[in-house]
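Please read the structure below before turning to the comments.
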Amino acid sequence: MKNKLVELVNLWAEYEEAQPEPGIEGFCRWVLAREEAAQPREAVMAGVPVDGRIGRLIGKLGRYAGIYSKKAFAGLPLNNFEDLGYLWQVEYMGEPKKSELIYAMLSEFPSGVDVIKRLMSLGLLEEFPDAHDKRSKRVRLTPAGRALAHDSRPLAGRVANAVVADLSAADKTVLLDLLEHLSAYHDERYKAVRGAEDWGEVERGLK
């Protein structure tokens, strides 16, 4: 046990020297990454840099989630899974401005407006004037929209369970921590680069 404690202290010292702002959560991620790098792996996407592989795999998992969701929610009166995401977002936000909702969904404005119009035509959303800004409109769930958002959650949970597959509870915790860290990074910077006209401007805004 004493040797293990010494090993842990030495690992912390190495981590602290490499990181400008050391922390327990970061240390845990660092140790896991170190162990992962030490284990031999079958070559997947050989020649593709690590960052590129991560991006491709996140995109691939997103497509799997989309395929599963499309099949799971095929019986709902919606055009696609994104429409359901809009209902859930309105449920979470309460009575957002249309622009706030579209921004929260990371949609292009014209396509976001189309989704909102479609949900209104289905009787799932309704719009009303903003009390403090006559130029703006807010949206809220109708009773039918609230019922659909609520009733679809158990099935959404089953789809989510299928996406994370056979990961253990510990694996899920680590993955969630990493994804939340990455999401928070982009949440802080996205507004600055949303209107960028070229990649160079985006790249500078993300640093």
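Scanning segment 161-170 for residues that are on the phi < 0 side of the Ramachandran plot and without any contact (Cβ under 8 Å) to a residue 60 or more places away in the chain turns up Asn161, Val164, Asp166, Leu167, Ser168, Ala169, Ala170.
Comparison of Gly85, Gly47 shows that the only residue that is modelled with pLDDT of 75 or more and either over 23 Å from Thr173 (Cβ atoms) or of a type in the set (Val, Ile, Thr) (or both) is Gly85.
On inspection, Leu122 does not qualify as more than 16 Å from the chain's Cα centre (by Cα) and touching a residue at least 60 places away in the same chain (Cβ under 8 Å). Determine whether segment 94-114 contains at least one residue that is surrounded by 15 or more Cβ atoms within 10 Å (Cβ to Cβ), in contact with a Ser or Thr (Cβ under 9 Å, 6 or more places away or on another chain) and not in a helix (DSSP H, G or I). Within segment 94-114, one or more residues are surrounded by 15 or more Cβ atoms within 10 Å (Cβ to Cβ), in contact with a Ser or Thr (Cβ under 9 Å, 6 or more places away or on another chain) and not in a helix (DSSP H, G or I). Against the test of being in contact (Cβ under 8 Å) with a residue 60 or more places away in the chain and either in contact with a Gly (Cβ under 9 Å, 6 or more places away or on another chain) or over 26 Å from Phe81 (Cα atoms) (or both), the options Val193, Val174 yield a single qualifying residue, Val174. When segment 123-149 is filtered for residues that are under 18 Å from Leu78 (Cα atoms) and touching a helix residue (DSSP H, G or I) at 6+ places or on another chain (Cβ under 8 Å), the ones remaining, listed by number, are Gly123, Leu124, Leu125, Glu126, Val139, Arg140, Leu141, Gly145, Arg146, Leu148, Ala149.
Flag: Arg146 does not match the condition of being surrounded by 14 or more Cβ atoms within 10 Å (Cβ to Cβ) and either aromatic (Phe, Trp, Tyr) or in a strand (DSSP E or B) (or both).
Of the candidates Ser99, Ser107, Ser136, the single residue that is modelled with pLDDT under 95, within 15 Å of Asn80 (Cβ to Cβ) and of a type outside the set (Val, Ile, Thr) is Ser107.
The values are calculated or read from the model by the stated rules, or taken from the named source; none is laboratory data. Note that the structure is predicted; figures quoted are calculated from it, not measured. Note that we place each Cβ from the backbone using ideal geometry, even for glycine, and neighbour counts take in every protein chain shown.
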